[in-house]
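Taking it in order: structure first as structure tokens, then the write-up.
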Amino acid sequence: MVIKGSFKMLGSWAAVLFQPQSDSKHGKLLLLDWTRPQATSKRTILLHPDKVVDCAFVDESAVVVLHCSDALSSPSGNIRYILRVYNLDNTKPGATLSFSLALPPLRSGLRITRSTLSTSPRLPLSCSGARMDDVACPYEQHRVDKGLMTVQFRFGEQHDKRSSDLTIVISLEHFSRFIQLKALKHTHDAIPWAYWGPSMSRILVARLNNYACTSAFGDVSGYRMPFAEQDVRDHSIELVHTRDSWLYKLGILDFNPESVSWAQKTLQDGRSLPAQGILVAGTTSVGPDEIFAESCDSSLPYYRAYIEGSHRVYSYDLTQDRLVAKLSTPTEVKFALYGTAFIS
């Protein structure tokens, strides 16, 4: 057995995903209630026979597993990734497969070097009403039904000339509402992307030619996701022609509906958005191209803002309300919308 993905937790549940070394066998999901270490608190769930990749909790009653069906087993010859939602019932052992949701099909022959599924850090529903003082909890605590879920892929190695990062951002609120619809009946066939994906997601693709950063998009925190993009137009810093000397503009993609509403009202009032902000609210289409086997739409609105200046960035992350990055020169950057971003 091989552990797939990363260790996941939500509330009292902890999840570990296993794939047998023989692809002909079903993957397994091990669930543990860490508040009750007795053997009775452990569950082993037999999953769909497609290869397992990663998993994440939707809430305390459902877990979603990213499966992959390779090109050889697909009638179209494309690579198919599928999100399968398993419902947990505390009164019964095991879990029930409730939905299979297809992601945009990918071209066969792609060299996929990384694929992950993750969700925003959140409080379980059982804790969301708890009161916490400012010292113990100085930042916003996101409810389990809020935030983002991301599916991320890396095509090629980090410094390959044709490498790319693909991130599919999905609203957890919309996703939870969709899988709870009583009118939907589960079938063995996966629900096509066109039926469920465009209204609750945004597809982001970045080309990574000579990227020194670990990735074009970082991990989500709440409704926000950091990003880095190359900035070769800024000549205020002397360029050294090595791969780790590229200049980057750092920023945040904010999918919070309140931030989107604020940006819309700001533009309607004839005012410009701060921090070189851009509101992306329309439907965009990608493919067919060297990545996507067919045309796919997405329309989840977001507000994109940049921090000041360009920087030589090696790695970065978003932790609550601070964007932290590892640079060649320590500095501190003022970020108008989100407060101070400490970079060192």
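Checking the Cα-Cα distances for Lys8/Lys326; Lys4/Lys25; Lys51/Lys146; Lys25/Lys146; Lys8/Lys42; Lys249/Lys326 against a 23 Å cut-off, the pairs over it are Lys8/Lys326; Lys51/Lys146; Lys25/Lys146.
Scoring 106-118, 53-65, 278-290 by mean Cβ neighbours within 10 Å over their residues and listing the highest first yields 53-65, 106-118, 278-290. Of the residues Val286, Trp262, Tyr248, the one whose Cα sits farthest towards the positive end of the charge dipole of the stretch 248-292 is Trp262 (charges of +1 on Lys and Arg Cβ, -1 on Asp and Glu Cβ, taken about the Cα centre). If R0 is 22 Å, the Cβ-Cβ spacing of Thr113 and Tyr314 corresponds to a FRET efficiency of close to 0.70.
No lab work stands behind these numbers, since they all come straight from the coordinates. The model shown is predicted, which means the values in this text are computed figures rather than measured ones. Glycine gets a Cβ as well: all are built from the backbone with ideal geometry, and neighbour counts include every protein chain shown.
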